[in-house]
Every structure is written in C-alpha cells, then in structure tokens.
Amino acid sequence: MQDNTNSKKNGFTIKSITHSKGFSAFTAALLAIALGLIVGFLVMLVADPSNALKGFNSVLTGGLRRIGDVFYFATPILMTGLAVGFAFKMGLFNIGASGQYTMGMYFALYVGFMWDMPKGIHWVAAIVAGMIGGMLWGFIPGIFKALLNVNEVITSIMFNYIGMYLVDMLIQGNSKMYVSSMTRTAYLPSEVQIPSLGISGSNVNFGIVLAIVIGIILYIVLQKTTFGYELKATGFNKFAADYAGMKGKRNIILTMGIAGGLAGLGGAFAILAPSAIAGSSMTYEPINIIAANGFNGIAVALLGNAHPIGVIFSSVFISHIQRGGTLASLYGYKPEIIDIVIAVIIYFAAFAMIMNSAAAKFIKARRDKMHAVSEAKSIVDKDASSDTKEANK
C-alpha cells in the first residue's frame, strides 16, 4: 500500500502515463504507421497479388539487412526533421529546410575543397561551416517574419529555389570543386570525410551519433531551459508572451536561424560522408532539383509530433521502410510504393490524435457499459439470493 502511495506521489502510476500527452502522441503515431502499412499492403495486393506477401515482408524487414544504410540515410532527414520540428514549437512552419540543407552542404563543400587545414580538424570545420550556411539561409525568412510580418511559408519556400539555383551556379563556376566531365563535384579528400563507423558496404559514419546527440540537446533546451520555455510560450500565444515581457521578434529570428543551422548540419552530414567505395566520397550533382531530404524532414517532424526524441525514432523508421522499399523491386514492385506508404502514414498522422481520442472514448464507453451491466447483474443476483433465503425461512 505504501509503495502504491509513493508511486502516486512520484507520478508513476499507469493512469498518469496513459493519460500523458507523450503517450497519446506515441499511440497516435503507431496508429498512423499501422494504417499506412495496411494501405501499402492493399496497394501491393492490387498491383500483384502473387508477390504481395513477399514484397510487404521486404518492406517490413528489408532494412534490418541494411542497418548501416538505414542509419546513414536517417541522418540527414533526422536533422531536417529537427529543423522543422524546432520551428514548429515556436508556431512557425519552416518549409525552407531544403534550401537550408543545400546551403549547408555547399558551405561544407567549400571548406572541404578550398581551405587547407590540419587533418584532425578539417572535417569538424566543414561541419561547422555547414551549420553556419544553413543558419544564414534560415535567418533571412526569420527577419522577414519578425520585422515585416511576411509569412515564413512563402519566404522559406522561395528560398528553397534561390538556394538551389545559387548553389548550382557557384559549384559549376568553381573548377576545383566541379568536374565537368562527370557533371558533379570532385571527391572530397579523406581528411574532410566524417570518420566511418566501420560497417562494410555502408556509408554510415559518426554523423548519426552527432545527430542523435544534437536531438537530445535540443530536447533539453526545449524542456529544461528558460529560452526553450519562451519559445514554446510564444508558439502557444505570442500576444500573451509579448505581454509577459518575452521578446517575440528576437525569438522568431533566433528560432529560424537555429532551425536553418540544424538543416544545414543535415546537408553537411550527407555530403561529408565517406562512400562505401574505397577512396571516394559522396558527391553533389547540380541538376536544379530541390533536395528531397528537406521535404522528407517535414514528414519526419509530423510523424514525430515535432518532439526531438520522437523525431529521432521517426527518422530511423522512415529510413528503415525506405531501404526495405528498394528491396521490394526484387518482387516486381516499383520503389515509389514506399512513397505511397509514407504519404499515407503522414496523412493519417495529421489527424491520428483525433482518431486516437475517438478510439479512447469508444473503449471507455464500452468499458463503462460493461461495468454497469456487471453491477446490474450483481445487484440482481444479490436480490435473487436474498429472496431465496427468505423463501427458505
């Protein structure tokens, strides 16, 4: 009895956990994932019934056979997911993660090719440069929003295109970075590449470790610091936050700058990765296409409920089913089947909290009804027992 009382005081009862916002968000995400996978299986069933089970199994388990690639491809979308989720906590929709990602990648490439630095710190400097590039590209929409009240969705999506065209132009105009015969950038020197984690046949490197650490730090900042409290308070109600003396305009600029820096780190982590081919590195091909990792970050943030820890897990999950989806082609399915699954998951995630709440109310109503029936039956049985005793007397 004493232990139960203490657990209640400490807030560790089952009821307190199941009624928490985090648990609701978690179950909502699971519901969205389940519904998305069911729809994906149905699509496979319609496309080719004979291979549906094998193809669906490859989607579910294929990533386990390519675990190194799962974590490598999760790294950039983890960072862009954090960029979108962090801004969302402030009530801002950072749809410009692609441009910030591309600018961060360019800054990292520039430091890698154009600066001569000691071997031990060259890749670190390139990562920091990537963060700075993304921050610069995030500050601009933030300044427009804070000082001129220009909608950040409009400015940030425009800067996706501006950043992409600008980076492509700068790379193609730099003979040291760009190899015209390959129509892509040259291989980065080995000292600029992020150290590998040593998984053969995979590009996975310490970037994933840094990304997870950054996600945890972001969680601490948002949950345990005054700055994080101000950001969330402004996101809930900027007028009340201004009345309380919080500097809303400054926080908007800082939020967009930090979000841009996170996306820029994603670009740096992606381009500075060592290639699975010995002696090579990742390269960039300037073909005037917006980086998909920026928009994938939006999906990751939505599925993770914009929570840093949730974003970490959702990025790994999205990367996992993407890797499995590529193996589904062995059974005659197009890789785009995974895009359908992810799109459906995000679609359901958008209103999964509502469905989760409705399901909880339905279950509670059924439980209360069953409890009422049980009580009524117990009363009837008790009355019947009393009548029997009276008759026997």
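A few remarks follow.
- In order along region 269-275, phi translates into HN-Hα couplings of 4, 5, 7, 8, 6, x, 7 Hz, rounded to whole numbers, per the Karplus curve 6.51 cos²θ - 1.76 cosθ + 1.60 with θ = phi - 60° and x for Gly and Pro.
- Order of TYR229, TYR219, TYR178 - criterion: other Cβ atoms within 10 Å of each residue's Cβ, fewest first: TYR229, TYR219, TYR178
- Here the dipole of region 20-350 is about 560 debye; that uses its Cα centre as origin and unit charges on the Cβ of Lys and Arg (positive) and Asp and Glu (negative).
- With the simple spin-label model, which puts each label point 7 Å out from Cα in the Cβ direction, the SER190 to ILE162 separation comes to 4.1 nm.
- Principal semi-axes in Å for region 134-239 [√(5λ), Cα gyration tensor, largest first]: 35, 25, 9
- Scanning residues 5 or more positions from TYR178 or on other chains, those with amide H under 5 Å from its amide H are ALA186, with H placed 1.01 Å from N in the peptide plane.
- Here region 181-248 is treated with +1 on each Lys and Arg Cβ and -1 on each Asp and Glu Cβ, and its dipole about the Cα centre works out to around 160 debye.
- Among TRP137, TRP123, TRP115, sorting on how many other beta-carbon atoms sit within 10 Å of each Cβ, with the fewest leading, yields TRP115, TRP123, TRP137.
- Couplings 3J(HN,Hα) of region 50-57, computed from phi: 5, 10, 4, 5, 5, x, 5, 5 Hz, in residue order, whole Hz [Karplus 6.51 cos²θ - 1.76 cosθ + 1.60, θ = phi - 60°; x for Gly and Pro].
- Sorted peptide list for 103-109, 49-55, 291-297, 77-83, criterion being average Cβ within 10 angstrom, highest first: 77-83, 103-109, 291-297, 49-55
- Here the residues TYR243, TYR110, ranked from fewest to most Cβ neighbours within 10 Å of their Cβ, fall in the order TYR243, TYR110.
- Derived scalar couplings between HN and Hα for region 195-201 equal x, 6, 8, x, 8, 5, x Hz in order, rounded to whole Hz, by the Karplus curve 6.51 cos²θ - 1.76 cosθ + 1.60 (θ = phi - 60°), x for Gly and Pro.
- Each of PRO189, ALA28, LEU109 was scored by the projection of its Cα onto the charge dipole of region 20-350, and the greatest displacement toward the positive side belongs to ALA28; charges sit on the C-beta of Lys, Arg, Asp and Glu.
- A cut-off of 5 Å between modelled amide H atoms, ignoring neighbours fewer than 5 places along the same chain, links SER281 with LEU188, SER275.
Only the coordinates and a few stated rules stand behind these numbers; no lab work does. Note that the structure is predicted; figures quoted are calculated from it, not measured. Positions of Cβ are generated from backbone atoms using ideal geometry, with glycine treated the same way; all protein chains shown enter the neighbour counts.
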